[in-house]
Amino acid sequence: QEDVFNVVEKLLVSTFKKFSNKELMFKEFPKITYSDALLKYGTDKPDLRNPLIINDITEIFSREDVSFEIFKKLVKKGSRVRCIVTKNTKDKPRSFFDNIDKWAKEQGASGLAYFTIEENKEISAKGPIGKFFSQDALLEIMKKTECEVGDSIFMACGKQNDLEKITALARDKIARELGLIDENIFAFCWIVDYPMFELDEQTKKIKFSHNPFSMPQGNLDEINFDKPLDILAYQYDIVCNGIELSSGAIRNHKPELMYKLFSIAGYDKNKVDEKFSGMINALSYGAPPHGG
């Protein structure tokens, strides 16, 4: 995998420098795990020119000194709460916050709750839902999100997939409203450690999440195939300014391992031989580890 990264990074740096006068944000492209990307940016195609980060604050709503019952009831039913902190927005007019909330509803979400952190002898929150949070609860939120007095917090509550979609959109929307994105920069990153499998929400069956022909990570003799959702693959995307430029993987070159992985996703040996005969036949003669 590192061999592929080294070649592609040099190629992209030289190409973008030759054909553009924009700056490159990173000399070495950051590597962000798939799970971290979904948590911090809501997407596996993050725009790193945008400094806003998403935080999960679900645990706050189990506190007795938080009385925002709409979120508390949803959390008890399995929903999560994620938030976006905007720095030093205490002087923004009420219309700025209300317009973001209205925009979120237009995207199909239930809106974005918000408040701004203030300090008058003690920490408090200004905004429609500020009164539902004690000082101690606010201090915990501030610690967890690195929020400071004068910063504002937008919050969304829902099932994880829905939450990722609206927070990803909101992160971009808020950053553009605040003029935080420098259009004269290219910000590359690698997204790594994709899961090999995922659970189909409709059928509740295990299926391949991305590329079924990728090599699973780890010592092949020690992989726990009984816990397929824990298996990570050598899969990766190269992303620039929120756009996926290309995908790649280290390929699975072992037919027996391929049969095993396909069996987890519900394909027996005969089905694999029938659908992928060319690949299986070629690999049966022996192939070196390879990727691209």
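Assorted remarks:
- Accessible surface of the stretch 1-108, 1.4 Å probe: 51 percent of it comes from carbon and sulfur atoms.
- Among the listed pairs 207/254; 90/143; 45/126; 76/121; 90/131; 77/227, those beyond 23 Å (Cα-Cα): 45/126; 76/121; 77/227
- Percent of beta bridges antiparallel (DSSP, the chain, rounded to nearest 5): 90 percent
- Spin-label pair residue 280/residue 121, simplified geometry with 7 Å Cα→Cβ offset, distance in nm: 7.7 nm
- For the pair the stretch 273-288 and the stretch 1-68, the centres of their Cα atoms are 36 angstrom apart.
- Part-to-part distance (alpha-carbon centres) for the stretch 126-157 and the stretch 109-123, which is given in Å: 5 Å
- With the highest mean first, a sort of the peptides 241-251, 76-86 on other beta-carbon atoms found within 10 angstrom per residue produces 76-86, 241-251.
- Dipole of the chain, positive end: most advanced residue of 291, 93, 213 [Cβ charges, Cα centre]: 93
- Residues whose amide H falls under 5 Å from that of residue 233, counting only those 5 or more places apart or on a different chain, are 194, 196, 217, with hydrogens built in the peptide plane.
- Kirkwood analysis of the chain, using all unique Cα-Cα pairs, places the hydrodynamic radius at 21.7 Å.
- Qualifying chymotrypsin sites (Phe, Trp or Tyr not before Pro) in the stretch 1-66, DSSP loop, other Cβ atoms within 10 Å at most 16: 26
- Overall form of the stretch 60-152: oblate. Here a/c, set by the Cα gyration tensor axes a ≥ b ≥ c, is 1.5 or more, and a/b is not larger than b/c.
- FRET E, pair residue 139, residue 107, Förster distance 35 Å, beta-carbon r, rounded to 0.05: 0.65
- Note that the stretch 13-52 presents 61 Å² accessible area per residue, ligands and nucleic acids not counted, probe 1.4 Å.
The values are calculated or read from the model by the stated rules, or taken from the named source; none is laboratory data. The structure presented is a predicted model; accordingly, all values stated were derived computationally and were not measured. Positions of Cβ are generated from backbone atoms using ideal geometry, with glycine treated the same way; all protein chains shown enter the neighbour counts. These accessible areas exclude ligands, DNA and RNA; they are computed on the full protein's heavy atoms, side chains included. Shrake-Rupley method; radii C 1.70, N 1.55, O 1.52, S 1.80 Å.
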